[in-house]
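The values are calculated or read from the model by the stated rules, or taken from the named source; none is laboratory data. Predicted model only: the values in this text are computed from it and were never measured. With ideal geometry, Cβ positions are generated from the backbone for all residues, glycine too; neighbour counts draw on all protein chains shown.
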Amino acid sequence: MIRLINTSSGPVRLGSINFWVMDSTSMASVSLPVFARDLALSYHRAHFIPMSRRWTAPSLSAVSTMSSMRVSIVSSRFFISRSAKYEGFDDVYGHSMEDDYSISPSDAAQFMYDRTRQPQMSAFLDESDNIAEEDETGTEGQTYQRPALSDVDEIKLLSCLEEMHNVIGDSVPEHVLIDIVLKNNFDLSKSGHKVDAVTHYQHERGQRKEQLHMVVIGHVDAGKSTLMGHLLYSLGQVNKKTMHKYEQESKKLGKQSFVYAWILDETGEERSRGITMDIGLSKFETPSKVVTLLDAPGHKDFIPNMITGATQADVALMVVDATRGEFETGFESGGQTREHALLVRSLGVSQLGVVVNKLDTVGWSQERFQEIVSKLGAFLRQAGFREPDVSYVPCSGLTGQNLVCAPTEDELLHWYHGPCLLEVIDKFRSPERPISKPFRLSVNDIFKGTGSGFCVSGRVETGMVHAGDKVLVQPQNEAAIVKALTIDEMPVQVAFAGDQVSATLSGIDMQNVSVGYILCDPVKSISVTSHFEARIVVFNITVPITKGYSVVLHHQSLVEQAVITKLVSQLHKSSGEIVKRRPRCLPKNSSAVVELHTSRPICMELYKDVKELGRLMLRIGGVTVAAGLVTKIYH
Ligand code: GTP
Ligand code: MG
């Protein structure tokens, strides 16, 4: 226990106060500057807070955590003089100062006494003096003083603002726009250029090929990694020397058939077990696109990793094994072919390429290809894929047939004259990028970078971000600075919606950021809630959903416990009309509106505002039971 003892002689003197500070092993003399206001507050909180420095609200609450060290004041004289002199201050400083503010663990850590770090008590107190004062500029609630302008300039300003609003909406605060207009002397072409995200995007990326994120999905051992590894090798992304090394090493392990899969399965465990466990990331180019490839694991134990990949994807490539019996295993219930297709569809992927793989094992049979196409076609239509958005391509990942050029195998050439896999990928439509919406980045990974600070990686869902921007990390509600941005390990100054980026953050502790958190615009922050309404589609479940049903909610990369607290209505599956209000349960394959409560607050957007962040999935015991869209957020 640390005890603060007032050693001033006579009545407490305003200006400074001397203490002996001691714990069980050491003792130090300190002098703290104290003003009248401090004493009132100090008494109330049982702390001394030097108000000679400007304490802003978060710092004040940080100091309040000193109570966790059980700081106590042992001087009755001090109390007496306080009560006589500072009557009425409790009104000013209220009784719930600290209740109003929350304190992050990193802030708290600064004030925690750690004997190993601070062997001397005096060092601890010195440290508290070093707390940086918060910068008040730019804080919310500060009122912006509009500069005085002549009537003509005022009109010019208003017309410039109106034009800018027409282009960018309300995503940029008024005072920022005014500053820009004035700086550029009412020249809208210059001003607009700075703030118009779309123009900025055109300027930065106009000349480049379109970007596309593609996730490769399918049942375990369908040949996803082999197919994509071979495609990368055929495109010259992997040099011959590396390939030769993989060949030798895989032979030694008795896993020679996995040699192409090793290009994407990079960890020792993945290679020795012969299965993909985490998303394999790579990049290649088609004639019109730069494709970011996300090779998902097919094993059902790694579904959360597969979902992480699917949340970043614009389109999906589904690989099915044409071998007799294998396609059936993957397609029947419990197989991942259906599960993956439903998952990507509910995550908003609408374009799908289906690779009927390993056709070499069935002698390039057209009949088998047609059989698979018709079975899958019926299912995919039910799952919500439009027929023109699905294309089927026969391949063999191992032999490399029909990957980057027309097949050479006579038996296949005999009946197939369609596009090869690379052409199918090239024909996918790139999605529109919601660049002019407020900035949102969903965090998929956190790691220690090489320099100071730490890095988060994820996809910019909406808006854009510059290196040097201040961002808000939600749901923690903590500010951070984006010190640097990299795309594919190349440093960039700006990243736009749709980009997969790594951002180096400073001003925030690494422990305060988790996978699933959202970095967002500090002015237009994302909603944080633990109660919302969603329209869901119930999958093929065995036990009907009832009120009070516990589920695991997947929202982007976030995984959170949730409870269905209300069954609002059951809807007609195709028309969406209400068929029953307050149903007692939701059977399999039904549609409904439900209310959900999560155990902790999470970031949410309405589906109608930001599609990418308004979708969710509900899973139980490793099985997806429903997918849905957020329709209402309760605060
Ligand atoms: P997970 O990532 O674990 O779900 O597996 P995967 O879908 O990535 O399969 P992977 O590429 O690891 O291949 C699994 C096995 O299928 C390997 O032994 C491959 O050699 C074999 N394989 C892949 N493609 C073909 C093919 O076109 N023909 C034949 N005959 N075998 C193939
Ligand atoms: Mg794989």
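For region 317-329, a residue qualifies if it is surrounded by fewer than 24 Cβ atoms within 10 Å (Cβ to Cβ) and in contact (Cβ under 8 Å) with a residue 12 or more places away in the chain, and the qualifying residues are 323, 324, 326, 329. Counting only helices (runs of 4 or more DSSP H) wholly contained in region 218-292, the ones carrying 3 or more residues that are closer than 21 Å to residue 308 by Cβ occupy 224-234, 268-273. Looking for something farther than 30 Å from residue 249 by Cα and in contact with a strand residue (DSSP E or B) (Cβ under 6 Å, 6 or more places away or on another chain) - is there at least one such residue anywhere in region 274-288? Checked against the condition, which is being farther than 30 Å from residue 249 by Cα and in contact with a strand residue (DSSP E or B) (Cβ under 6 Å, 6 or more places away or on another chain), region 274-288 yields no hits at all.
Listed here are the residues, each with its yes/no results for (1) surrounded by fewer than 21 Cβ atoms within 10 Å (Cβ to Cβ); (2) at pLDDT 90 or above; (3) part of a strand (DSSP E or B).
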residue: 426; (1), (2), (3): yes, yes, no
residue: 429; (1), (2), (3): yes, yes, no
residue: 433; (1), (2), (3): no, no, no
residue: 441; (1), (2), (3): no, yes, yes
residue: 446; (1), (2), (3): yes, yes, yes
residue: 451; (1), (2), (3): yes, no, no
residue: 456; (1), (2), (3): no, yes, yes
residue: 460; (1), (2), (3): no, yes, yes
residue: 473; (1), (2), (3): no, yes, yes
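Evaluating residue 565 against the criteria (1) part of a strand (DSSP E or B); (2) more than 20 Å from residue 606 (Cα to Cα) leaves one unmet condition, (2).
Any chance you could count how many residues in region 383-404 are of a type outside the set (Val, Ile, Thr), touching a residue at least 24 places away in the same chain (Cβ under 8 Å) and more than 30 Å from residue 590 (Cα to Cα)?
Number satisfying all stated conditions: 8.
Once region 161-179 is narrowed to residues that are under 15 Å from residue 523 (Cβ atoms) and either β-branched (Val, Ile, Thr) or not in a helix (DSSP H, G or I) (or both), the residue that is modelled with the highest pLDDT is 178. The number of residues in region 295-311 being near ligand 1 (Cβ under 10 Å from one of its atoms), crowded, with 24+ Cβ neighbours inside 10 Å and assigned to a helix (DSSP H, G or I) comes to 1.
Does region 256-277 include one or more residues that are more than 12 Å from ligand 1 (Cβ to nearest atom) and within 18 Å of residue 215 (Cβ to Cβ)? Yes, the conditions are met somewhere in region 256-277.
Filtering 285, 367 for residues that are without any contact (Cβ under 8 Å) to a residue 40 or more places away in the chain and either assigned by the TED database to the domain that holds residue 398 or small (Gly, Ala, Ser) (or both) leaves a single hit, 367.
Count of region 312-344 residues, restricted to those that are near ligand 1 (Cβ under 10 Å from one of its atoms) and among the acidic types (Asp, Glu), is 2.
Before we move on, is residue 289 among the charged types (D, E, K, R), away from ligand 2 (no atom under 13 Å from the Cβ) and on the phi < 0 side of the Ramachandran plot? Yes.
The rows are residues; the columns are (1) in contact with a strand residue (DSSP E or B) (Cβ under 9 Å, 6 or more places away or on another chain); (2) buried (at least 17 other Cβ atoms within 10 Å of the Cβ); (3) at negative phi.
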{"site": "550", "(1), (2), (3)": "yes, no, yes"}
{"site": "553", "(1), (2), (3)": "yes, yes, yes"}
{"site": "557", "(1), (2), (3)": "yes, yes, yes"}
{"site": "567", "(1), (2), (3)": "yes, yes, yes"}
{"site": "571", "(1), (2), (3)": "yes, yes, yes"}
{"site": "585", "(1), (2), (3)": "yes, no, yes"}
{"site": "589", "(1), (2), (3)": "yes, no, no"}
{"site": "602", "(1), (2), (3)": "yes, yes, yes"}
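For region 363-382, filtering for residues that are surrounded by 18 or more Cβ atoms within 10 Å (Cβ to Cβ) and not aromatic (Phe, Trp, Tyr) leaves 4.
Answer with yes or no whether residue 236 is at pLDDT 90 or above, of a type outside the set (Lys, Arg) and more than 10 Å from ligand 2 (Cβ to nearest atom). Steps first, answer last, please.
Numbers: at pLDDT 90 or above: yes; of a type outside the set (Lys, Arg): yes; more than 10 Å from ligand 2 (Cβ to nearest atom): yes.
Answer is yes for this residue.
Does residue 314 satisfy the condition of being surrounded by 20 or more Cβ atoms within 10 Å (Cβ to Cβ), within 10 Å of ligand 2 (Cβ to nearest atom), among the charged types (D, E, K, R) and touching a residue at least 40 places away in the same chain (Cβ under 8 Å)? So residue 314 fails the test. Taking each residue of region 508-535 that is more than 30 Å from residue 177 (Cβ to Cβ) and looking for partners that are assigned to a loop (DSSP other than H, G, I, E, B) and of a type in the set (Gly, Ala, Ser) with beta-carbon atoms closer than 8 Å, six or more apart or interchain, yields 509/104; 512/104; 515/557; 516/557.
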